[in-house]
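The values are calculated or read from the model by the stated rules, or taken from the named source; none is laboratory data. Worth saying up front: this structure is predicted, and the values here are computed from it rather than measured. Positions of Cβ are backbone-derived with ideal geometry, glycine not excepted, and every protein chain shown enters the neighbour counts. The accessibility values were calculated without ligands, DNA or RNA, using every heavy atom of the protein model including side chains. Shrake-Rupley method; radii C 1.70, N 1.55, O 1.52, S 1.80 Å.
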Amino acid sequence: MNDILDFSLADLSPVNDDSEEAMEALWAGDLTVLSQHHTTPNGSHSFVLAHDRSVTWGIPGEPQLVAIAVARDLRQSTFTFETSHHATASFAQNWLAERGCPLERIALHGGDYIKPADDLTLQVEQQIQTSDTRYEVLDTYTSDDNPSEAWTLVNDSQATQAPVRLFYEEWNHGAGTYTMREGAFPDVGVAQTWLDERSEPLPEPPEYSDHNGAVVRARIARIALSRSAGTSPTPQTGLDAPRASAAVPVQRAVQGRLL
């Protein structure tokens, strides 16, 4: 794990007030870097995925993961600085990919990271990471208590049925693993009832049981094959020139479960 956080901004000025405020809102001493990527050869862009330890002392349920994107204009001696908080790493990676970071450069590998428990977890994570702007985030929650979990509630713009989706991550600290599952609901109220009661299994998306289910199973099979071959299942984005920033809802967090 590379826990050194240095954006090399000493000789640069923020391009606007938003960038200055975003930079000042972060305390490097509170952050544990989980993954980072810096473009070469000029180092014009930096992308960081970090755990914000200070959140665990704040409002319960707030998101603990922060994604950071920095773009430097070396000719003008200025920089832009953006941050976004997320409940799970896959949504943070999606946000960074939207700003030009190749997914394979910001993946979490080895070290002390908790591991995915199965291939379906990897499939659901890849779906999120490569979703572009498909998901509108409605709410998030993270808990380090029992159960140790994090979830992200979204509106799926591509879903023809049950468009409200719940991406639910649960950790097994004893085994050092976690699972990620996708649930489907007709509206936010039904999803909230499930979260409050937990009296039934998480309802699977309709496409899992129709003809698209074959696509899901095929993807899982490819992930299993890539793992057995020792290759990374994370798809490459082919990006290295960051795109224009898009407005992204800021969520809530709380977690020390990645480490």
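Some observations on this one:
- The condition of being under 30 Å from ARG72 (Cα atoms), open to solvent by 40 Å² or more (accessible area, probe 1.4 Å) and not hydrophobic (A, V, I, L, M, F, W, C) holds for only one of THR133, THR88, that being THR133.
- Under the condition of being in a loop (DSSP other than H, G, I, E, B) and in contact with a strand residue (DSSP E or B) (Cβ under 8 Å, 6 or more places away or on another chain), the residues counted in region 153-205 number 12.
- Residue in region 86-108 that is more than 20 Å from GLU169 (Cβ to Cβ), more than 11 Å from the chain's Cα centre (by Cα) and at pLDDT below 90 present: no
- Considering region 139-174, the residues that are in contact (Cβ under 8 Å) with a residue 60 or more places away in the chain and more than 15 Å from the chain's Cα centre (by Cα) include one that is nearest to ALA87 (Cα to Cα), namely SER143.
- Residue list for region 199-225, restricted to those being modelled with pLDDT of 95 or more and either among the aliphatic types (A, V, I, L, M) or at positive phi (or both): LEU202
- Some residue of region 25-48 being free of Cβ contacts under 8 Å to residues at least 24 places away in the same chain, farther than 26 Å from ASP139 by Cβ and small (Gly, Ala, Ser): yes
Residues are listed down the side, and each one gets a yes or a no for (1) surrounded by fewer than 20 Cβ atoms within 10 Å (Cβ to Cβ); (2) part of a strand (DSSP E or B):
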{"position": "ALA10", "(1), (2)": "yes, no"}
{"position": "SER35", "(1), (2)": "no, yes"}
{"position": "VAL55", "(1), (2)": "no, no"}
{"position": "VAL66", "(1), (2)": "no, yes"}
{"position": "GLN76", "(1), (2)": "yes, no"}
{"position": "PHE81", "(1), (2)": "no, yes"}
{"position": "TRP95", "(1), (2)": "no, no"}
{"position": "TYR113", "(1), (2)": "yes, no"}
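- Here LEU74, LEU12, LEU34 are screened, and the one residue that is out of contact with any helix residue (DSSP H, G or I) (no Cβ under 6 Å at 6 or more places or on another chain), farther than 25 Å from SER148 by Cβ and modelled with pLDDT of 90 or more is LEU12.
- Number of the condition not met by LEU120 [criteria: (1) out of contact with any Lys or Arg (no Cβ under 8 Å at 6 or more places or on another chain); (2) in a helix (DSSP H, G or I)]: (1)
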